[in-house]
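First the structure, in the form of structure tokens, and then the observations on it.
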Amino acid sequence: MAKVIVVTSGKGGVGKTTSSAAIGTGLALRGHKTVIIDFDIGLRNLDLIMGCERRVVYDFVNVIKGESNLKQSLIKDKRVDTLFVLPASQTRDKDALSKEGVAKVLEDLAEEGFEFIICDSPAGIETGAIMALYFADEAIVTTNPEVSSVRDSDRILGMLASKSKRAEQGLEPVKEHLLLTRYNPERVKRGDMLSVEDVQDILAIPILGVIPESPAVLKASNSGEPVIYDSESDAGQAYADAVSRLIGEEMPLRFLEEEKKGLFSRLFGG
Amino acid sequence: MSFFDYFRSTKEDNSAQTAKERLRIIVAHERNQRSGPDYLPAMKQDILDVIKKYVEIDSDQVNVSLDNKDEELSILELNITFPDKN
Ligand SMILES: Nc1ncnc2c1ncn2[C@@H]1O[C@H](COP(=O)(O)OP(=O)(O)OP(=O)(O)O)[C@@H](O)[C@H]1O
Ligand SMILES: [Mg+2]
């Protein structure tokens, strides 16, 4: 059965698209048939982060409006053959998505044998974000260690608990995961950044991963290769760990301390 | 650096602690509002309109909050700051 996972945040620019690309790719690399859907209508970006921007012909809205079929619109990833991208449209109005339309696409994807459907949510708490989270079985609440991001994440948790299909129909609640991104252990130690424990205390949901602030993320987006491929980098490894946890493996959190030269290789025999 | 300097500097520098305290309060407040019944905003507006019939008052001088103490007991708190008589 297909699992629908929304990557959401409320606040903009916290790393939803980066995380959708990395985690979706990570799941596919482990052999799971995965599709990442860009719900950011009008502000398509996932295609660039995935490096498939020049292969977009039809998009999500075309499928919903019946102007193309699903097969034509899905972009098959060039690196992993279990991975597909459904791009957002670039020009149409934001109200192009309807619940019925989205529901139909998700059903068809499940029928195609997709195991994971990752929904990259737009920022905000309006229609677009609601549409992205409505059908979710699980939610990856992407948060930066910063006051406005944490507050917005809490509002999104409120939405998940009241506005999702699972909430409306009184089903088992959406499974929530906290993904703390752009974490800077040095600043946490100095006392000028909220720590993992602080954010967990406030939001009170289980942690999926902590992604350090890393130059590897910009490098990855420059080249259109999700950062999880950069297995030498801290962010790449942190995303790989998060993927493991998402599929139920136990993994201790890493990269919570400033990196001490040499310690890493001594501990892990690098 | 003296013993006291050490304390002062850590206290001043620890803006993360301040952030956490502020978050704790605002998040609790907003959760409480969310958990309120759907009619609460409309009821607040009605109460405000009634008061305005008698007293000239700004919206931000009226604070209506519903506190769910437990399953059995909810307290509706109405707090009005009247303007100066003169
Ligand atoms: N761990 C990280 N380290 C450094 N930079 C990061 C990290 N995560 C994200 N960024 C940067 O933050 C910016 C925003 O990231 P991204 O586009 O993924 O956020 P978003 O939540 O999808 O934004 P939007 O709300 O606009 O859709 C990008 O420039 C990205 O490179
Ligand atoms: Mg995005």
Could you list A:225, A:258 in order of exposure, starting from the residue whose Cβ has the fewest other Cβ atoms within 10 Å?
-> A:258, A:225
Collect residues whose amide H, placed 1.01 Å from N in the peptide plane, falls under 5 Å from the amide H of residue A:207; neighbours closer than 5 in sequence don't count.
-> A:178
For A:134, B:39, A:58, order by how many other beta-carbon atoms lie within 10 Å, fewest first = B:39, A:58, A:134
At 222 nm, what helix-only mean residue ellipticity would chain A give, in deg cm²/dmol to the nearest 500, using -39500 (n - 2.57) for each DSSP H run of four or more?
-> -11500 deg cm²/dmol
What order do you get for A:32, A:177, B:29 when you list them from fewest to most C-beta neighbours inside 10 Å?
-> B:29, A:32, A:177
Let me know the number of lysine pairs in segment A:1-146 closer than 17 Å at the Cα, not counting same-chain pairs under 8 apart.
-> 9
Amide H neighbours of residue A:184 under 5 Å, counting only residues 5+ apart in sequence or on other chains, H built in-plane at 1.01 Å?
-> A:213
Read phi for every residue in segment A:211-223 and hand back ³J(HN,Hα) as whole Hz from Karplus 6.51 cos²θ - 1.76 cosθ + 1.60, θ = phi - 60°, with x for Gly and Pro.
-> 9, x, 4, 8, x, 4, 5, 5, 4, 4, 6, 4, 9
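No lab work stands behind these numbers, since they all come straight from the coordinates. This structure is a prediction, so every number in the text was calculated from the model and none was measured. All Cβ positions, even for glycine, are placed from backbone atoms using ideal geometry, and neighbour counts span all protein chains on display.
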